[in-house]
Every structure is written in C-alpha cells, then in structure tokens.
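For reference, the structure discussed in these notes is given below.
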Amino acid sequence: MNDPFKENGCMPHRAAVTGWGWYSPTQVLSNHDLEKLVDTNDAWITSRTGIRERRIAAAGETTSSMATIAARQALAEAELQPDELDLIICATTTPDQLIPATACLIQRNLGAHRAGAFDLNTACTGFIYGLATGAQFIQGGGAKRILVVAGETLSRFMNWEDRSTCILFGDGAAAVVLEATTQQSGVLSTVLGSRGDIEQMLTIEAGGCARPASTETIAQKAHCVRMRGNEIFKMAVRNMAQSAQQALAKAGLTTNDIRAVIPHQANERILIATRDAIGISEDRMFMNIDRHGNTGASSIPIALGEFLQSTPVDVGDHLLLVSFGGGLTWGAAVLRWADIPAVKLERAAAQRAKLALIG
Ligand code: ACO
C-alpha cells in the first residue's frame, strides 16, 4: 500500500479523529406536515429524495448554540478540556450573523481561551473543506488539537412557499476533534474542487454586499435558498464519484479497502447513483437522510456520529467521506481509524514531557 505521507517527504504528524458529537433539534417536520404548507405529498418526497422527516431548530436555537452542544460532546469523547484546543474551524452557510464568525461564538461558549477561530463557507462541502484545512494545520505543525465543527440552521433561509427547496433541508450540528498523532492513521488524503462559474445553480442571493438587505429583497424572498435541483443532481453524482475515486487513489487504496462511505446526505437517489458509480456495496454506504434531510455542512459529521454509534469501527478501518454543494463545490477525504487510546497516551506523555521541561 502506498504511503502518501512518506512519498511527500517528512511529515511528522497525521490528524486523527479522537472525538465526535452531534446535535439534532427535537422539533420534527414530517412530509405530512409539509403537505399542509405547500403543494406536495409524502409519496413524492419519499420517492424523489428518500426524506421522511427533518429536524427544525427551535426559536431560541442558532447555528452556534447547536454547534456548541455538538462540540462539547466531541471534547468529552476526546477527553479534552476546551482550553486544550489550538483552533476552531466552523463550516457553515447559515452563520448566526455576519460578524462575528460563528466559530468565535463557539469559542466563547466553550471557553476555549487558547484557540484561534474562523468560519469557512463551502455550503454542503464545508465539513470536507474544514477537515482538509484542519489536517493541513496539524501536518504542518501549526496546531495539535483542532475542533472542526459544522452547523446549519437552514430552516431560517427557506422559502416555505417553494416546494422544490423547502422539502429538502433540515437543521443540525456536529463536530470532530482532530488531533496530532505519530500513528500511521488519521486523514490520509483529501480532494477539493469548485466551479464558481455556475454558482447560480444554488444561491442565497441577498444579504451580502452585492445585494444588501432591503424591503425589495425581503419581498422577493431573495434571502432564501434558490436551487436548480435537476441540474445539480447530475453534477453531484459525477463529481462525488470522481472525487471519491481521486481521494482513494491519493491514499493508495481501492473501494475494497473501505469499511464505509459516509456521504453528504443530499438526496437518496444521488447517493445510490454515486454508490453505483464508485462500485461500493449497499451495506457499505451509510444513509440517514430519511430522518434528517439535507443538513448542509453538518450532514457528513452527523452521519459519522450516527454511524459510529451503530457500527463498531476497528483500528485501521478506512472511511471515505464525500460531498457536493453550493459554490459549486465538492470534495472527498479518506480517514484511517486511529488507535484512539494510544493517541490519548501520546498526548499525556507529551504533556508530562512539557511539564518536566518547565519544572
Ligand atoms: N412535490 C411535488 N412535486 C414537486 C415538488 C414537490 N416537493 N418539487 C418539484 N415538484 C415537481 C416539479 O414541479 C416538476 O413538475 P413538472 O414535471 O410538472 O414540471 C416535477 O416535480 C419534477 O421536478 P424536478 O425538479 O425535475 O424533480 P427531481 O426529480 O429533479 O427532484 C430534487 C428535485 C429533489 C430537488 C432533486 O433534483 C435534487 O435532489 N437535486 C439535488 C439537490 C442537491 O444535491 N443540492 C446540492 C447540495 S445542497 C447545498 O449545498 C446547500
């Protein structure tokens, strides 16, 4: 098996996932509930998307409040205190506000006093971009422990009169802790792509400097998601399949080496077509779209959390994450599951060595 790290020269650390957590709001919006809002029906939604229900944030909930709950779970799983974090990367398309970054609100909520914090927005591909960025920080030696968190409150950006979009999306948040390790595990490869020239396929047009908020933009519901779903569908399948293959090749692996694919939950038909295109068996692609809908950047880490809850993963198992979203953007990542107790021992040994130096 190729080792991309050795091939690329001296890389002392890899970025291993040592903690994870997710949060879904309690309020459920079923397809039958949607039948009362727009001209649609459960049979259409289920057969065209695979979605049966989605979770909607309660009035007081925001992207940062949901992300903070997920982040606390991830830190607890990793057995880390917030002030042990070096960096917080928040992937979101639906920030609490334009300034400050949602990552800063999460940093405040956690009390992560030592951490830098920033947001990134690549829509539904945000978690893959966040993972790739976090892994680069760790591999480059710029950080040891990073929270990659994704949160979306898409329900606040829906046109609840547009049946082609409002049936698809849901709210939620999820986080992972990425930690430096000398093990041959962690993020093995990432692939990122974009096509800004066809950005109009999926937009929230108003609210930025190009079209600031006005009574006109509000009347036109231009602060809501607009999407050419049909055109995106074909691009999503092609690019998810291609980037998955590229990430596997970069890691020196084939689909046979993959324990499970954790894809962005965009549409069940997109996932089945992608699964067929990359040649992975049905039982090795995790889907939870029926209960969550499309939760944007949060969808992969929520799915990862649910997958880990239901499926024992062994040290050395490979997971393939793949996504597609607004921008347009796409990406994939291959993870090799680390020996997490050993990473924690490495961490404790490094802390003891540091204390000994100070003492
Ligand atoms: N209920 C009933 N009928 C509907 C609904 C609805 N909710 N929505 C659309 N229709 C109708 C249309 O009006 C159309 O009717 P017509 O034939 O009389 O004109 C018919 O159903 C077919 O419409 P299509 O848009 O062709 O339906 P399609 O099978 O493509 O499904 C969907 C639409 C679900 C949006 C699909 O295209 C899709 O999932 N696209 C990809 C979405 C995606 O992946 N986005 C990127 C990630 S999201 C992010 O980045 C934030």
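Numbers for the structure displayed
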item	result
Among (1) crowded, with 18+ Cβ neighbours inside 10 Å; (2) within 19 Å of the chain's Cα centre (by Cα); (3) within 16 Å of the ligand (Cβ to nearest atom), the one test that ALA260 misses	(3)
Yes/no for ALA348 being without any contact (Cβ under 8 Å) to a residue 24 or more places away in the chain and either outside the structural domain of ILE232 (by TED's automatic domain parsing) or not polar (S, T, N, Q) (or both)	yes
Residue in the stretch 348-355 that is open to solvent by 30 Å² or more (accessible area, probe 1.4 Å) and at pLDDT 95 or above present	no
Which numbered condition SER164 fails, given (1) of a type in the set (S, T, N, Q); (2) outside the structural domain of SER65 (by TED's automatic domain parsing); (3) open to solvent by 20 Å² or more (accessible area, probe 1.4 Å)	(2)
Residues (of a type in the set (A, V, I, L, M), in contact (Cβ under 8 Å) with a residue 60 or more places away in the chain and in a loop (DSSP other than H, G, I, E, B)) located in the stretch 141-160	MET158
Residue match in the stretch 181-199 (condition: of a type outside the set (Asp, Glu) and free of Cβ contacts under 8 Å to residues at least 60 places away in the same chain)	no
Failed item in (1) near the ligand (Cβ under 10 Å from one of its atoms); (2) in contact (Cβ under 8 Å) with a residue 24 or more places away in the chain; (3) part of a helix (DSSP H, G or I), with ALA247 passing the rest	(1)
Within the stretch 155-182, considering residues that are touching an Asp or Glu at 6+ places or on another chain (Cβ under 8 Å) and farther than 24 Å from PHE307 by Cβ, the one nearest to the ligand (Cβ to nearest atom)	ARG163
Which listed residue, of VAL315, VAL322, is among the hydrophobic types (A, V, I, L, M, F, W, C) and open to solvent by 10 Å² or more (accessible area, probe 1.4 Å)	VAL315
Residue match in the stretch 305-328 (condition: part of a helix (DSSP H, G or I), charged (D, E, K, R), away from the ligand (no atom under 16 Å from the Cβ) and under 17 Å from LEU178 (Cα atoms))	no
The stretch 55-68 residues that are free of Cβ contacts under 8 Å to residues at least 40 places away in the same chain, paired with ones that are open to solvent by less than 10 Å² (accessible area, probe 1.4 Å) (beta carbon under 7 Å, 6 or more apart)	ALA58/PRO25
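Yes/no matrix, rows are residues, columns are (1) over 16 Å from ILE232 (Cβ atoms); (2) buried (at least 24 other Cβ atoms within 10 Å of the Cβ):
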| site | (1), (2) |
| --- | --- |
| HIS264 | no, yes |
| GLU268 | no, no |
| ALA273 | no, no |
| ILE280 | yes, no |
| MET287 | yes, no |
| GLY293 | no, yes |
| GLY296 | no, yes |
| ALA333 | yes, yes |
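The values are calculated or read from the model by the stated rules, or taken from the named source; none is laboratory data. Everything numeric here is computed off the predicted structure, so don't read it as measured data. When we count neighbours, we look across all protein chains shown, and the Cβ atoms used for this are built from the backbone with ideal geometry, even at glycine. Note: areas computed on protein heavy atoms with side chains; ligands, DNA, RNA excluded. Shrake-Rupley method; radii C 1.70, N 1.55, O 1.52, S 1.80 Å.
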